[in-house]
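Colleague: The structure follows.
The values are calculated or read from the model by the stated rules, or taken from the named source; none is laboratory data. None of the values given here were measured: they were computed from a predicted structure. Reconstructed Cβ throughout: ideal geometry from the backbone, glycine too, with neighbour counts over all protein chains shown. Just the protein is used for accessible areas: all its heavy atoms, side chains included, with ligands, DNA and RNA removed. Shrake-Rupley method; radii C 1.70, N 1.55, O 1.52, S 1.80 Å.
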Amino acid sequence: MQVALTGATGFLGLRLVGELLERHHSLTVLAHARSGGALRRITRFMELTDVPGQLIAELPRRLRVVEIDLGQPRMGLSAAAFQQLADELDMIWHSAGNINLDDDLVRLRQVNVEGTRNVLELAAAGVRNPMVHHIGTAFVGGARRDGVLYEDELDDAYGFENGYEQSKYEAEVLVHEWSRAHGRPVVVMRPSILVTDLPPHPELPGHPMQFVDQIVQNSLRSVGLAGMAIPEEYRPVVRMLGHPHGHLNLVPVEHAAAVMVQLASAPPSGQANTYHVVHDHDVPIRVVTALLERLVPVQVKLVETKPDDPTPLEAAAELYPGFAPYLSHRRHLDDTRVRTLLGPVSSGIRVDLDYLTTGVISKQTTASSAGAH
Ligand SMILES: NC(=O)c1ccc[n+]([C@@H]2O[C@H](COP(=O)([O-])OP(=O)(O)OC[C@H]3O[C@@H](n4cnc5c(N)ncnc54)[C@H](OP(=O)(O)O)[C@@H]3O)[C@@H](O)[C@H]2O)c1
């Protein structure tokens, strides 16, 4: 069985590499040519996460790196190299993407939509009809903020919170169309927000909640408050739009990767099967705002309408609109299909303020804000 994976150097992809190598002898890593160093980065991740030395030593033999650029026709490969690669594969995992919520829609489409189109072309060209596993997102549900989102829904009626959601929606539409047109099965895995309690490390890719840390630190810097130890009672109040009973699903990335690989071992149905890969409990928005308060010396106050007299700090926070709407989300992601197939899928991990803090706050940040607690 010849398996290929895009996005192997990413936050999720690094965990998929480990899971896939438990089931398959070798893996073709379709690595981002512009970034380089894929084997070194994967090896470093495994060293930092205490993977057994024997597996690390085997990596050069078990991983084959093919450098590609997803946004280019034929992934930037020559016609002959593209066809040869396609003909060798039995299974393609597509995890690469641009996950920058605030990026320009044109750039997001280049990787997320055109990249998916190119992966599907690779799958269509292969003589062995490789099975496609597409990593989507539960956020194709778009700007619908309440109710229940089911796994068979794919609808743009509510619009999108940001260009990232829209590009991932368009990519998933392509996947379903391709499956119908070619009469080929596809598995679409839609994770919620991926998190970890592995502390941030400069050599490891970050995750969305860490980006929130960077956003608030930048905001503080822009108003001259970065790194200040401010006593609790003097912390400035930051009013943020949000729902007091809002909640988000945050799934540990290690658990998500394990569930995805289990789902992939189910017999294909002949069509596109879509799964919500989620955690067994949601996290109240209050926990997310408490995390913000641990990151920066402010008091977050959730408000129902946007203040018309924003303070400089509130104005600076608005410079990052991609994430802000999620403070108003209170929808539930149904994962009946996953539970029907795999049974109860609890990770046993409680994603709470301490879990998130461990995975988000670097030692440096903890030291600078410790005096304020
Ligand atoms: N993170 C989440 O919370 C989350 C939630 C739901 C769904 N997802 C989905 O899960 C997938 C993986 O996300 P992630 O968190 O692992 O993202 P990530 O850490 O940003 O990793 C993105 C990966 O895509 C590769 N890549 C980017 N542009 C490329 C290009 N032009 N050609 C080839 N490879 C390219 C990157 O390679 P280099 O690093 O080498 O450049 C990296 O390996 C994405 O499809 C994302 O939409 C993520």
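Colleague: Which condition breaks for GLN110 when tested against (1) within 9 Å of the ligand (Cβ to nearest atom); (2) buried (at least 22 other Cβ atoms within 10 Å of the Cβ); (3) part of a helix (DSSP H, G or I)?
Modeller: Only one criterion in (1) within 9 Å of the ligand (Cβ to nearest atom); (2) buried (at least 22 other Cβ atoms within 10 Å of the Cβ); (3) part of a helix (DSSP H, G or I) is unmet by GLN110, namely (2).
Colleague: Let me ask something else about it. Do we have ARG184 as open to solvent by less than 40 Å² (accessible area, probe 1.4 Å), out of contact with any Cys (no Cβ under 8 Å at 6 or more places or on another chain), among the basic types (Lys, Arg) and outside any loop (DSSP other than H, G, I, E, B) here? If you could, list the steps in order and put the result at the bottom.
Modeller: On the way: open to solvent by less than 40 Å² (accessible area, probe 1.4 Å): yes; out of contact with any Cys (no Cβ under 8 Å at 6 or more places or on another chain): yes; among the basic types (Lys, Arg): yes; outside any loop (DSSP other than H, G, I, E, B): no.
Against the criterion (open to solvent by less than 40 Å² (accessible area, probe 1.4 Å), out of contact with any Cys (no Cβ under 8 Å at 6 or more places or on another chain), among the basic types (Lys, Arg) and outside any loop (DSSP other than H, G, I, E, B)), ARG184 does not qualify.
Colleague: Listed residues LEU30, LEU70; which is under 12 Å from THR9 (Cα atoms), in the same structural domain as ALA86 (by TED's automatic domain parsing) and within 13 Å of the ligand (Cβ to nearest atom)? It would help to see each step written out before you state the result.
Modeller: Values: LEU70 fails: under 12 Å from THR9 (Cα atoms).
Being under 12 Å from THR9 (Cα atoms), in the same structural domain as ALA86 (by TED's automatic domain parsing) and within 13 Å of the ligand (Cβ to nearest atom) holds for just one of LEU30, LEU70, which is LEU30.
Colleague: Could you list all residues from region 348-370 that are modelled with pLDDT of 90 or more and not basic (Lys, Arg)?
Modeller: Matches in region 348-370: GLY348, ILE349, VAL351, ASP352, LEU353, ASP354, TYR355, LEU356, THR357, THR358, GLY359.
Colleague: Further, regarding this structure: Which of the following residues is among the small types (Gly, Ala, Ser), within 22 Å of VAL212 (Cβ to Cβ) and at pLDDT 95 or above: ALA256, ALA290, ALA264, ALA315?
Modeller: Going through ALA256, ALA290, ALA264, ALA315 in turn, just one is among the small types (Gly, Ala, Ser), within 22 Å of VAL212 (Cβ to Cβ) and at pLDDT 95 or above: ALA256.
Colleague: Let me ask something else about it. Within the set of pairs 6 or more residues apart or between chains, which connect a residue that is over 15 Å from LEU204 (Cα atoms) and modelled with pLDDT of 95 or more inside region 6-23 to a residue that is open to solvent by 10 Å² or more (accessible area, probe 1.4 Å) and within 13 Å of the ligand (Cβ to nearest atom) with Cβ atoms less than 7 Å apart?
Modeller: As it stands, the answer is THR6/LEU70; THR6/SER95; THR6/ALA96, since those pairs meet every condition given.
Colleague: Open to solvent by 30 Å² or more (accessible area, probe 1.4 Å), without any contact (Cβ under 8 Å) to a residue 12 or more places away in the chain and part of a helix (DSSP H, G or I) - does that describe any residue in region 307-322?
Modeller: Within region 307-322 (the criterion being open to solvent by 30 Å² or more (accessible area, probe 1.4 Å), without any contact (Cβ under 8 Å) to a residue 12 or more places away in the chain and part of a helix (DSSP H, G or I)), the answer is yes, since at least one residue qualifies.
Colleague: Are any residues in region 115-163 open to solvent by less than 40 Å² (accessible area, probe 1.4 Å), among the polar types (S, T, N, Q), closer than 30 Å to LEU89 by Cα and outside any helix (DSSP H, G or I), and if so, which ones?
Modeller: Within region 115-163, just THR137 meets the criteria.
Colleague: Quick one: in region 323-332, of everything that is in a loop (DSSP other than H, G, I, E, B) and not charged (D, E, K, R), which residue is most open to solvent (accessible area, probe 1.4 Å)?
Modeller: Across region 323-332, the extreme among qualifying residues is PHE323.
Colleague: Let me confirm something: among ALA57, ALA86, which residue is surrounded by fewer than 18 Cβ atoms within 10 Å (Cβ to Cβ) and more than 13 Å from the ligand (Cβ to nearest atom)?
Modeller: ALA57
Colleague: Go through (1) near the ligand (Cβ under 10 Å from one of its atoms); (2) open to solvent by 30 Å² or more (accessible area, probe 1.4 Å) one by one and return the number of the condition GLU19 breaks.
Modeller: Of the numbered conditions (1) near the ligand (Cβ under 10 Å from one of its atoms); (2) open to solvent by 30 Å² or more (accessible area, probe 1.4 Å), the odd one out for GLU19 is (1).
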